[in-house]
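A short write-up of the structure that comes next.
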Amino acid sequence: ARVAQTLALAHRLQAAIDRGDYRDRAELARQLGFTRARVTQLLDLLLLAPDIQEHVLHLETVDGVEPLAERALRGIVRHECWAEQRRACAALLLTGSSCS
């Protein structure tokens, strides 16, 4: 699924920063041709509860239908508490998306 690829990219980008390949998010954005806002959106996905991240990384597109939109995940990331994130994911289940 596209959202799984996006989350995996976020993990790779953070690892590159951690290794010192890039000084900070701003340099990463410049080097990759992303806006700083987009880099922030990507790396903010790493604030999701670990179990949610694991689930997202295993999502697959079925018959060309994406199971979950990145925009939905960004809404969940706004909740600082992992328990609140899990409740927000559960609410997505009622709308037909999958978070757990």
Exercise. Which residue fluctuates the most in the chain, going by a Gaussian network model with Cα springs under 10 Å, if the choices are ALA72, ALA83, ALA49?
Worked result: ALA83
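Taking N as the number of residues in the chain, what is its alpha-carbon radius of gyration divided by 2.2 N^0.38 Å?
In units of the globular-protein estimate, the chain measures up at 1.11.
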For this session: Roll a 1.4 Å probe over the protein chains and send me the accessible area per residue for the chain in Å².
Result: 62 Å²
For this session: Starting from the chain, pick out the trypsin sites (Lys or Arg not before Pro) whose DSSP state is loop and whose Cβ has at most 14 other Cβ atoms within 10 Å.
Result: ARG23, ARG78
Seminar exercise, completed: the chain: longest segment with zero exposed GluC sites (Glu not before Pro), where exposed means DSSP loop plus at most 14 other C-beta atoms within 10 Å, is residues 1-59
For this session: Averaging sequence separations of C-alpha pairs under 8 Å and six or more residues apart, then dividing by the length of the chain, give the relative contact order as a whole percent.
Result: 31 percent
Problem set entry | Per-residue [θ]222 nm for the chain (sum of -39500 (n - 2.57) over DSSP H runs n ≥ 4, rounded to 500) | -19000 deg cm²/dmol
For this session: Find how much the distance from ALA37 to ALA83 grows on full extension, using 0.36 nm per residue of separation minus their present alpha carbon separation; answer in nm with one decimal.
Result: 13.9 nm
For this session: For the chain, return all DSSP H helices satisfying: extent of Cα atoms along own axis at least 15 Å; mean Kyte-Doolittle hydropathy at least -1.0.
Result: 2-19, 82-94
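The values are calculated or read from the model by the stated rules, or taken from the named source; none is laboratory data. Remember, predicted model here, so these are calculated numbers, not experimental data. All Cβ positions, even for glycine, are placed from backbone atoms using ideal geometry, and neighbour counts span all protein chains on display. All accessible areas refer to the heavy atoms of the entire protein, side chains included, with ligands and DNA or RNA removed. Shrake-Rupley method; radii C 1.70, N 1.55, O 1.52, S 1.80 Å.
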